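Just below is one structure, and these are the notes that go with it.
The values are calculated or read from the model by the stated rules, or taken from the named source; none is laboratory data. No experiment lies behind these values; they were computed from the predicted model shown. Cβ: placed from backbone, ideal geometry, glycine included. Neighbour counts: every protein chain shown. Just the protein is used for accessible areas: all its heavy atoms, side chains included, with ligands, DNA and RNA removed. Shrake-Rupley method; radii C 1.70, N 1.55, O 1.52, S 1.80 Å.
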Number of protein chains: 2
Amino acid sequence: MAVKKAHSSCLDTVKPVRDALDVLNGKWKLPIIISIGVGNDRFTDIQESIPGISPKVLAKELKELEQHQLINRIITEGYPVKVSYHTTKHSETLWPIIYALKDWGLHHRKKIFNQA
Amino acid sequence: MAVKKAHSSCLDTVKPVRDALDVLNGKWKLPIIISIGVGNDRFTDIQESIPGISPKVLAKELKELEQHQLINRIITEGYPVKVSYHTTKHSETLWPIIYALKDWGLHHRKKIFNQA
DNA sequence: TATAGTACTTTCCCAAAGGAAAGTGTTATA
DNA sequence: TATAACACTTTCCTTTGGGAAAGTACTATA
């Protein structure tokens, strides 16, 4: 009988990576965290700082980020009710990921460009 | 007239991050890179090492990773034709991202668990 | 009175992601 | 002869992501 060679296990790495990807999925979560983190705290400011995002998508993503405790939504009562968004302490732990992606994005673009 | 305050720009970070996310999108690309990187070079081994991935999805993702020059597909002629997959030099630059995601996944799970 | 700003919501629609299950063609082994 | 491995492909179907455009409710300002 053909001997079946066992595959190498990589679950120690794959499982936590998938946990992270489940929370950060889609094109918009990290860009929104970056935008709020950099000081944009109003809905419209966030929208304008991220090219291509629609208000529907932004509203949905903000809700999910709040559920994952990565941002806070703060309502200030007043004549015009104001809503502002802020990153949580927990979201600060995302910056190593963001910087790693930024570096890689720059590196990858350079590589592709130099070949073309 | 109400004065419109300009939003803070974060494009320097958002754009390269989006470039990276465009290449690494979906749940499977990084787990596949991890699996191949750890030594699984056969289709079936990769499939078995990643819980939940179907052969259809794996085949599609492998093609995309090859196009992005993150893996090589090598065919060895013989009585049983063998196909094997290997990571490229370029894919090694992804490990900072993978480790950052792994650390964050572990951290996030611990945080959520401690609250429940 | 009219316009503009703020923070969304709603509707419609399309494309991509992805799960389930079965099938294919070849070769090797019991 | 029958089974099993290997590397997929094919079909079907559901879910999710996300774009476009318009609408809503409120307030402030010209």
Taking amide H positions as placed 1.01 Å from N in the peptide plane, with prolines and chain starts having none, which residues 5 or more places from B:Thr88, or on another chain, fall under 5 Å of its amide H? B:Ile71, B:Asn72
Find every distance from the label point of B:Leu11 to the corresponding label point in the other copies (7 Å from Cα along Cα→Cβ) and write them in nm, one decimal, shortest first. 4.7
Calculated label separations, B:Arg73, copies of the chain, 7 Å along the beta-carbon direction, nm: 4.4
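Out of the GluC sites (Glu not before Pro) in the range B:2-109, which ones are loop residues according to DSSP with at most 10 other C-beta atoms within 10 Å? All intermediate terms of the calculation are to be shown ahead of the outcome.
Numbers: sites: B:Glu48, B:Glu61, B:Glu64, B:Glu66, B:Glu77, B:Glu92; in loops: B:Glu77.
Passing sites in the range B:2-109 are B:Glu77.
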Please give the net charge around B:Trp95, taking every other residue with its beta carbon less than 13 angstrom from that of B:Trp95, where Lys and Arg add +1 and Asp and Glu add -1. -1
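Relative contact order (percent) for chain B, with alpha-carbon contacts under 8 angstrom and 6 or more residues of separation? Please report the intermediate quantities before stating the final value.
Working: 74 pairs, mean separation 23.1, N = 116.
The normalised contact order for chain B reaches 20 percent.
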Most to least accessible of B:Val57, A:Val23, A:Val81 (protein chains only, probe 1.4 Å): A:Val81, B:Val57, A:Val23
Computed for B with A: buried accessible area summed over both chains, 1.4 Å probe, rounded to 100 Å², at 4800 Å²
Could you work out the local net charge near A:Pro31, counting Lys and Arg as +1, Asp and Glu as -1, over the other residues with Cβ closer than 10 Å to its Cβ? +3
Going 7 Å from Cα along the Cα-Cβ axis for the label, what nanometre distances separate A:Pro96 from the same residue across the other copies? 1.3
What residue of chain A has the nearest C-beta to the axis that moves A onto B, and what is that distance in Å, given as a whole number? A:Ala100, 2
With Cβ to Cβ distances under 14 Å as the rule, what net charge do the other residues near A:Ala59 carry (K, R +1; D, E -1)? +3
